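Derivation of every value follows stated rules applied to the coordinates shown; laboratory data play no part. In this text, all values refer to a predicted model and were calculated from it rather than measured experimentally. Note: ideal-geometry Cβ built from the backbone for every residue, glycine included; neighbour counts use all protein chains shown.
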Amino acid sequence: QMFRRLIRYFKQSYLSAPRNQKMAIAAQVIDKIEALDPPGRFLERDGDGSFVTMDYRKALEKTSQALRERPPSQSSRSPGSPSSAVATNAFL
């Protein structure tokens, strides 16, 4: 949940930032997740189905992807209403 809130918070800054600053914004999201108490982690499924911690580079890619993505469309939402959540492939 915290990841999605941070994505919503940083999304506009990310989208309007010059290309050379986008990774720094994604890194801020990761740093805030890892600074939680208890610390948040970025997880992915291993070959045997268990969860393992993602390396930093992959977490950065997934965070950047989430910052770029449009929110999922919802038929019940009226045009112009604020977005609700951002889907991502990163697990917390």
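If I model a spin label at Asp55 and Ala27 as a point 7 Å from the Cα along the Cα→Cβ vector, what separation in nanometres do I get?
Simple spin-label model gives 1.7 nm for this pair.
Calculate the FRET efficiency for Arg4 and Asp48 from the Cβ-Cβ distance with a Förster distance of 35 Å, rounded to the nearest 0.05.
Efficiency, from the Cβ-Cβ distance: 0.80.
List the residues, sorted by chain then number, that are 5 or more residues from Leu43 or on another chain and whose placed amide H is less than 5 Å from its amide H.
Counting only residues 5 or more places away or on other chains, the set is Met54, Phe91, Leu92.
Among Val29, Leu15, Val52, flag the residue with its Cα farthest along the positive direction of the charge dipole of segment 1-68, charges on Cβ as +1 for Lys/Arg and -1 for Asp/Glu.
Farthest along the dipole direction, towards plus: Leu15.
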